[in-house]
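Working notes, beginning with the structure itself.
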Amino acid sequence: MSFIDHLEALRWHIIRAAISVVVFATGAFFAKDFLFHDLILGPSRPDFWTYRMFCKFGELVHAPDLCINDVGFVIQNREMSGQLTMHISTSFIVGILLAFPYLFWEIWRFVKPGLYPHERQNSQGAVFFVSILFIMGLLFGYYIAAPLSINFLAGYVVDASIENQIDMQSYLSTLTTMSVSCALVFELPMIVFFLAKAGIVSPEIMQVYRKHAIVVILIIAAIVTPPDISAQIIVTIPILLLYELSIHIARVVRRGDAARLNAKLARQAERDAAQA
């Protein structure tokens, strides 16, 4: 294909991806009650699923302080067109998140024809695993990281006379940042897989720099969570598990590459012996 043909193919991939985002965004726009009352504003109410689970866990371990019965803040809109703008922008963001598996599939369809046969074989199932990890990270961010951050930051007071009246855009920004950040962090195993395939990282390197990685993970957890030790631990644990899983994935990739190389050398030796 010529350069112009590649651009034409890319254009249609982009068009189909944009259509999918518009379709999901339109559906989210018309599902306003569910989108805002149940989904967006869920972490702002004490009956949210996460808070109820913390209450049950607090009862089991005899720690009543874990129960969240009051969120301690009020969400407000301070602009004339603020709610309409927020409705449109939020629907667009939700459209992108819902369409992410299809968006990645369109990108993969554009890239795949340019790969060698062994590269295509090595990357089978990439769309599935990338999508699953993204969804898992998004759910973790929405149900764990975001509620902890919102509850701590919005409920923090320096004096009882100061009332927390949170702007809706600030609340939405915190919720989106926490959720999307976790979704991207959860892609670590797939990133390591492709880097291991490319020979950029190895399990030995990841094991040597494990202590450094732990420090980086703690920094990431401190950034995406409030300055609360329990919240940082809750976010740090799954990221550490993902790092250990990534080491195992890199090790499996190394073994697979070594097995294929040995098989290739064995076939070459057989051909040389037959010719001799």
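The values are calculated or read from the model by the stated rules, or taken from the named source; none is laboratory data. In this text, all values refer to a predicted model and were calculated from it rather than measured experimentally. Neighbour counts run over all protein chains shown; Cβ positions are idealised from the backbone, glycine included. These accessible areas exclude ligands, DNA and RNA; they are computed on the full protein's heavy atoms, side chains included. Shrake-Rupley method; radii C 1.70, N 1.55, O 1.52, S 1.80 Å.
Which of the residues that make up segment 112-142 are part of a helix (DSSP H, G or I), touching a Ser or Thr at 6+ places or on another chain (Cβ under 9 Å) and among the hydrophobic types (A, V, I, L, M, F, W, C)? Passing the criteria: L138, L139, F140.
Select from segment 241-267 the residues that are surrounded by 14 or more Cβ atoms within 10 Å (Cβ to Cβ) and of a type in the set (K, R) and write down the one among them that is nearest to H212 (Cα to Cα). Out of the qualifying residues, it is R251. Among the residues in segment 122-138, are any over 30 Å from L41 (Cβ atoms), open to solvent by less than 70 Å² (accessible area, probe 1.4 Å) and over 21 Å from the mean Cα position of the chain (by Cα)? Yes; the residues of segment 122-138 include at least one that is over 30 Å from L41 (Cβ atoms), open to solvent by less than 70 Å² (accessible area, probe 1.4 Å) and over 21 Å from the mean Cα position of the chain (by Cα).
Could you check segment 1-50 and list, in sequence order, the residues that are touching a Pro at 6+ places or on another chain (Cβ under 7 Å) and either part of a helix (DSSP H, G or I) or farther than 22 Å from S91 by Cα (or both)? Scanning segment 1-50 gives P43, T50. Among the residues of segment 15-46, those identified as open to solvent by 60 Å² or more (accessible area, probe 1.4 Å), farther than 30 Å from V74 by Cα and either of a type in the set (D, E, K, R) or touching a residue at least 12 places away in the same chain (Cβ under 8 Å) (or both) are R16, V22, V23. Residues that are under 24 Å from V235 (Cα atoms) and at pLDDT below 80 were ranked within segment 153-201; the one that is surrounded by the most Cβ atoms within 10 Å (Cβ to Cβ) is A154.
Taken over segment 196-222, the criterion of being of a type in the set (A, V, I, L, M), part of a helix (DSSP H, G or I) and touching a residue at least 12 places away in the same chain (Cβ under 8 Å) is satisfied by A196, M206, A213, I214, I217, L218, I220, A221. Within segment 155-174, can one find any residue that is of a type in the set (D, E, K, R) and in a strand (DSSP E or B)? The answer is yes; a qualifying residue exists. For segment 55-92, a residue qualifies if it is open to solvent by 60 Å² or more (accessible area, probe 1.4 Å) and in contact (Cβ under 8 Å) with a residue 24 or more places away in the chain, and the qualifying residues are D70, V74, N77, R78, Q83, I88, F92.
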